[in-house]
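Okay, structure first, notes after.
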Amino acid sequence: MIVIRKEVFKDINPVNRITDPVIMDAIRKSEGFIPELSLVADCDEDVVGHILMTEVMINGFKELALTSVAVDPKYQKKGIARLLFNGAHDRAREMGYHFVVAGGEPGLFKRFGYVASSMYDIVVPERYLETGFYAKCLNFTEDPIFGDVIYLMDRVKPYMDEETKRKDIGSNVGEGLKTNDIRQNIRKTVQTNDIGQDIRKTVQTNDIRQTVKIHDDVQDKEEEKSMRSNSTPHNAAEPGMIARTVIMPGDPLRAKYIAEKYLENPVLFNTVRNMYGYTGLYKKKRVSVMGSGMGMPSMGIYSYELYNNYDVENIIRVGSAGALKDDVNLRDLVIAQAACTDSNYAYQYELPGCFSPIADYELLEKAVEIARKDGKNIRVGNVASTDIFYNKYTEVNKKWAKMGVLCIEMETAALYMNAAFANKRAISILTISDHLFKEGELSAEERQTGFDDMINIALELAREI
Ligand code: HPA
């Protein structure tokens, strides 16, 4: 029976046998060492594997780097690496870390849900430019954790009081290394330590500080497949790549436009079916923007996945609509307080009557406040979400107008229903691009200005919630 547990003092020698003792000793004496994240695989009191994560700084936040994984060669191909990875990830997650980064061979890390660090806008350190650099999100965060990675294992602990020494289980193992000698010493050891080379397959031959040494240690192909990624068939993002608030235009190229024009450090998280999705900062707030496609089935899929597969709380649709009522004009901004529909989307819920899809009240109130403060003329009311753009009998739409419905579009009802079912929040902000019963069209420039007005409201709203 294999148990993953925290390393204790008596494990040091067995761990040294399957890792590089000098590197381990240096790491244990460094600022990056966290005893809680030095774990061993214990097989009937024999140490058969070891995993170590150390602390790094990313944009001022303390996060983790996977620094060493080793499995006794006699125990390889038994799933021990998987147990070690899962054990370390779980513990790190419980400790509240958000990210773990790792440099090395993609095969190994992708298997455990790591993606290229650039997906999170985490810069590849120079030492990994020639290999690969990966990141895994452990806990969702709104904090701006991106940029350069500073390895705290490069720094020797300046001073250790008695208590720290006791906690620092490796402090009396091996010869102490002098502060600025660490790199040279390690380098020398790696070059000359032939025994070490014999007992281990070293992935990172040119990296002295990363000692990831196991490869094909996952047996079950199905399990391997399921661990590879948490993405969906339509969204390649890994958990944590998408902010809590997502702004959704119908057109993915509009998503690109918003990301490039308004977000700082936008990171592209999805290109599946060209449905671009980005996460970046708007006035220091982490915000995502992603296309929804046209119509309720498309909005239904993307918003469902955002709410249920990712940690998305708020979706703000930004779209265009055709005016139905006489007093609604081109370029007017409309907030959909509720959405009538000719679709059967709600049948799935098997309700004993008609469901009324409505906007989240707090989002509605705030959006109205923002628009008014900005001097924007905004209409708030009922809209209609239709399945049919080229309606053979356009006159039927007059019946919606008769009931006070302001305009017609094709996505809001599905969005509001998905939000209701997932117990999340949604709002639709629309710009009138045409009138179903009156002449007139917007020029390209007017369309653009109207769109930017709407985006500004959506972004300010995203910032406030
Ligand atoms: N019908 C449906 N959706 C629309 C329209 C329309 O006339 N105009 C803009 N979005």
*LEU52 passes all but one of (1) surrounded by fewer than 24 Cβ atoms within 10 Å (Cβ to Cβ); (2) free of Cβ contacts under 8 Å to residues at least 40 places away in the same chain; which number fails?*
(1)
*In this structure, is ILE358 under 28 Å from LYS256 (Cβ atoms), away from the ligand (no atom under 14 Å from the Cβ) and at pLDDT 95 or above?*
no
*How many residues are within 32 Å of the chain's Cα centre (by Cα) and over 15 Å from ALA81 (Cα atoms) when one looks only at region 1-34?*
10
*asked:* Against the conditions (1) touching a strand residue (DSSP E or B) at 6+ places or on another chain (Cβ under 6 Å); (2) away from the ligand (no atom under 16 Å from the Cβ), where does LYS366 fall short? Just the number, please.
replied: (1)
_Residue match in region 450-460 (condition: assigned to a helix (DSSP H, G or I), within 16 Å of the ligand (Cβ to nearest atom), in contact with a Leu (Cβ under 9 Å, 6 or more places away or on another chain) and touching a residue at least 12 places away in the same chain (Cβ under 8 Å))_ = yes
*Residue by residue through region 410-422, note down the ones that are buried (at least 18 other Cβ atoms within 10 Å of the Cβ), among the small types (Gly, Ala, Ser) and more than 16 Å from the ligand (Cβ to nearest atom).*
ALA419, ALA420
*Among the listed residues PHE99, PHE109, which satisfies the condition of being hydrophobic (A, V, I, L, M, F, W, C), within 25 Å of PRO239 (Cα to Cα) and touching a Cys at 6+ places or on another chain (Cβ under 8 Å)?*
PHE99
*Starting from region 1-13, take each residue that is touching a residue at least 12 places away in the same chain (Cβ under 8 Å) and list its partners that are surrounded by 12 or more Cβ atoms within 10 Å (Cβ to Cβ) and assigned to a loop (DSSP other than H, G, I, E, B), counting only C-beta distances under 7 angstrom and pairs at least six apart or across chains.*
GLU7/ILE169; VAL8/ILE169; PHE9/ILE169; ILE12/ILE169; ILE12/GLY170; ILE12/VAL173
*asked:* If the requirement is being over 20 Å from TYR151 (Cβ atoms), aliphatic (A, V, I, L, M) and in a helix (DSSP H, G or I), which of these qualifies: ALA41, ALA92, ALA81?
replied: ALA81
*SER320 being within 16 Å of the ligand (Cβ to nearest atom) and either within 14 Å of VAL383 (Cα to Cα) or polar (S, T, N, Q) (or both)*: yes
*If ALA237 satisfies every condition in (1) outside any strand (DSSP E or B); (2) more than 15 Å from the chain's Cα centre (by Cα) but one, which is the exception?*
(2)
*Would you mind stating whether GLY300 is within 14 Å of the ligand (Cβ to nearest atom) and surrounded by 19 or more Cβ atoms within 10 Å (Cβ to Cβ)?*
no
*Would you be able to say whether some residue in region 308-317 is in a helix (DSSP H, G or I), on the phi < 0 side of the Ramachandran plot and in contact (Cβ under 8 Å) with a residue 60 or more places away in the chain?*
yes
*Hey, among ARG447, ARG425, which residue is among the charged types (D, E, K, R), more than 12 Å from the ligand (Cβ to nearest atom) and surrounded by 14 or more Cβ atoms within 10 Å (Cβ to Cβ)?*
ARG425
*Do we find that THR394 is near the ligand (Cβ under 9 Å from one of its atoms) and of a type outside the set (Asp, Glu) in this structure?*
yes
*Check whether at least one residue in region 339-347 is in a strand (DSSP E or B) and closer than 16 Å to LEU459 by Cβ, and report yes or no.*
no
*Pick from region 428-438 the residues that are of a type in the set (A, V, I, L, M, F, W, C) and within 12 Å of the ligand (Cβ to nearest atom): which of them is nearest to the chain's Cα centre (by Cα)?*
LEU430
*Set GLU55, GLU45: member being of a type outside the set (S, T, N, Q) and over 22 Å from the mean Cα position of the chain (by Cα)*: GLU45
*Looking at (1) more than 10 Å from the ligand (Cβ to nearest atom); (2) buried (at least 21 other Cβ atoms within 10 Å of the Cβ), find the lone condition where CYS407 falls short.*
(1)
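The values are calculated or read from the model by the stated rules, or taken from the named source; none is laboratory data. A quick note: this is a predicted structure, and the numbers were derived from the prediction, not measured. Using ideal geometry, Cβ is built from the backbone for each residue, glycine included, and neighbour counts are taken over all protein chains shown.
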